[in-house]
Each structure stands twice: as C-alpha cells, then as structure tokens.
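See structure below.
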Amino acid sequence: MTRKVTKAIFPVAGLGTRFLPATKSIPKEILTLVDRPLIQYAIDEAREAGIKEFIFVTSRGKSALEDYFDDAPELERTLKKKGKQDLLNELQNTNMDSGAIAYVRQNRPQGLGHAVWCARRMLGTNESFAVILTDDVIAADKPCLQQMVEAHAETGGNVVAAMEVPHSKTSSYGILDIAEDMGSMVKVKGMVEKPDADKAPSNLAVIGRYILTPEVMKNLNKIKQGAGGEIQLTDAIAEEIVKGNPVYGFRFRGQRYDCGSKAGFLQATVAFGLQRPDLRDEFSAYLQDALSLQTAAE
Ligand code: G1P
C-alpha cells in the first residue's frame, strides 16, 4: 500500500506577463473563469483528491491570493442579513481552515523546479506530494488529480499527467520518452523539457499535475539549470529514471484548457459558461448569433 498523498504544492509565483495589463495589479491565479478564480478550480480539484495541506509558492504582488482564502466576515454577515443563503454557501465553500494553507516565497523566478524546491521544508522527508499548475484547468467527471491518486495507489513511484499534443507544439511542454504503453498508463524511460519537434521523443506531453516521490525533491537540491536557463522540474523527475526508479505518464480522462494562454483562457470561458445551467441558454444563443454574423460578414 502506498501512503496517502495529503500535501500539494501550488507554484503561483509567476508574473503572468501574458495577461498584462490585467496582471499588473492582480495575480493571474485570481483571473476568473465565469465567476471562480483559476486558483479555486485547482483547490477544489485537490480537495476532492484528498489533499489536506495546500502549499503556495508565491512572490511579491501576490497578497490578493492570501486574502482570497481568508474568511470574509463582513460579506458573510451582509449575505446572511439579506437571506442570500446560496451566495453565502458559495462564499463559505471558499474558506480554508486555519493552518491548511501555507505560503512560502520564491525570491527570484528561477523556474518551476526551483519554485517546487522552495516548499521543501514543508514536506516530511518520506512523503510523496502533489504539484498542481493552476494554468492547466481540467474539466473532468472525476477530477484529474483524483484519477491520478487512484492510479498512484496501484503503481507507487512518480505519476505525471500526460496528453498527446500536436508535434508542432512539443517545444511548449515536457515530453515523455515512452518505454511501455499500457493505455492510460505509460512507463517512461526519459523526459525532455520543451524539445523542438525534430528532437522530441514523442508527442506525449506533461500536463500540470504531478504526484512525486520525496527523491524528486532531493534531486532538486542539486539539479543544474536546464531548458531556458531555468531549474526544471522535468529534469529532477527524469533523474529518477536514471536511478532506476519508476516514472509513469497518466493519460487522464478530461478536457484540458491552457489558461496560461489567452486563446486557451477564452476557450475555457466559453466551455465553462456553456456548462452552467443558469447561463447556458442565453450564452449559447448569443454565441450562435455572433458566429452566424461573423460568417455572413466573411
Ligand atoms: C510547465 C512544465 C512543462 C509542462 C507544462 C504543462 O511548463 O515545465 O514540463 O509540460 O508546465 O503545462 P510551463 O508551461 O510552465 O512553461
């Protein structure tokens, strides 16, 4: 039996420059899909997978994130007085127990591996942990991390979420070198961060959900700068393969949206808007009109 994974690291120190000017004063993790900030989707997914402790790796200018997860007593009082029970429930669902969230600062942006390493003292020495990248929003019947926790309970080792991407896009992802393809699980014999299409070992890309062994954290102690001059999490995981320890890619069931890009964020907004019973009819009628107007104009 593998031990339960109860801690997750959320690297949220990025500057979010792709969303300037919005991110001049708000963290990109607070940008909303319909009415929920990106970070809320990530936290909900983690909770459903059994995560109890949430470790945020932050940076300057991210204090709005800390406030977001605090209780909001004045708002709660007002909603209660006005009898708005639904909104009150919605609000209270976002509260986090005292002590459930820990914040650690990354002083300088030095890559995803470095951000994860900043959380090293918050983990037990023998504890596997999850990493969730909030840019990757995954709509799924069973939340992606929960699928992975279940798979990990069977396999142990390191499990990374994986998805086929167009060959032309390999240079945006960590790419897996496949040793054995077992369908939803893939045994991995190598990992490369952001290879050009002609050097990519496959088109199976790492998506931002990881379950990692404590050894990966130890590897981060000595890993050198990799792709883009940054300390790469991919390299610290690949190091495990070199040592003969198992790494698996997990083809999750669900739809992933790249909310780190404007196009992906807009697609997610449309998809999540269409899923909402309170918005669906009006929104889909609008989209149909907008598209037919556009086609007529062309
Ligand atoms: C990070 C990882 C990369 C992974 C990607 C998934 O890259 O370094 O291996 O494929 O997330 O979204 P980033 O998108 O932060 O550049």
Problem - Whole-number accessible area per residue in Å² for segment 182-297, which is evaluated in the context of all protein chains at 1.4 Å - result: 53 Å²
Handout entry: Pairs of Lys in segment 1-153 closer than 27 Å at Cα, counting only those 8 or more apart or on different chains
Key = 12
Exercise for the section: Using only protein heavy atoms and a 1.4 Å probe, report how much of L133 is accessible, in Å² to the nearest 10. Expected result: 40 Å²
Completion exercise
Placing each pseudo-label 7 Å from Cα in the direction of the beta carbon, A290 and R276 end up separated by a distance in nanometres of 1.4 nm
Problem - Crossing angle, helix 38-48 versus the chain [Cα axis fit, 0-90 degrees, rounded to tens] - result: 70 degrees
Exercise for the section: Report, in deg cm²/dmol and to the nearest 500, the calculated mean residue ellipticity at 222 nm for the chain, where each DSSP H run with n ≥ 4 adds -39500 (n - 2.57) and the sum is divided by the residue count. Expected result: -10000 deg cm²/dmol
Handout entry: Dipole moment magnitude, nearest 20 debye, the chain about Cα centre, only Lys, Arg, Asp, Glu C-beta charged
Key = 840 debye
Problem - Compactness index (Cα Rg / 2.2 N^0.38 Å), segment 154-298 - result: 1.32
Practice task
Can you tell me the order of 137-146, 65-74 when each peptide is scored by its average per-residue count of other Cβ atoms within 10 angstrom, highest first?
Solution key: 137-146, 65-74
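Across every pair of different alpha-carbon atoms, what Kirkwood hydrodynamic radius in Å does the chain reach?
One over the average 1/r among Cα pairs gives 20.4 Å for the chain.
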Fill in the blank from the handout: A 1.4 Å probe over the protein heavy atoms gives the chain a carbon and sulfur accessible-area percentage of 50 percent
Completion exercise
Mean 1/r over distinct Cα pairs of segment 1-113, inverted to a Kirkwood Rh in Å, yields 15.6 Å
Completion exercise
With label points set 7 Å from each Cα along the Cα-to-Cβ direction at Q267 and R60, the distance between them in nm comes to 3.5 nm
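Determine the percent antiparallel among the DSSP beta bridges restricted to the chain, to the nearest 5.
If we restrict to bridges inside the chain, about 60 percent are antiparallel.
The values are calculated or read from the model by the stated rules, or taken from the named source; none is laboratory data. Keep in mind the model is a prediction, meaning the values are calculated, not measured. Counting neighbours? That spans all protein chains shown, and the Cβs are built from the backbone with ideal geometry, glycine included. Side chains are part of the model used for accessible areas, which takes the heavy atoms of the whole protein and leaves out ligands, DNA and RNA. Shrake-Rupley method; radii C 1.70, N 1.55, O 1.52, S 1.80 Å.
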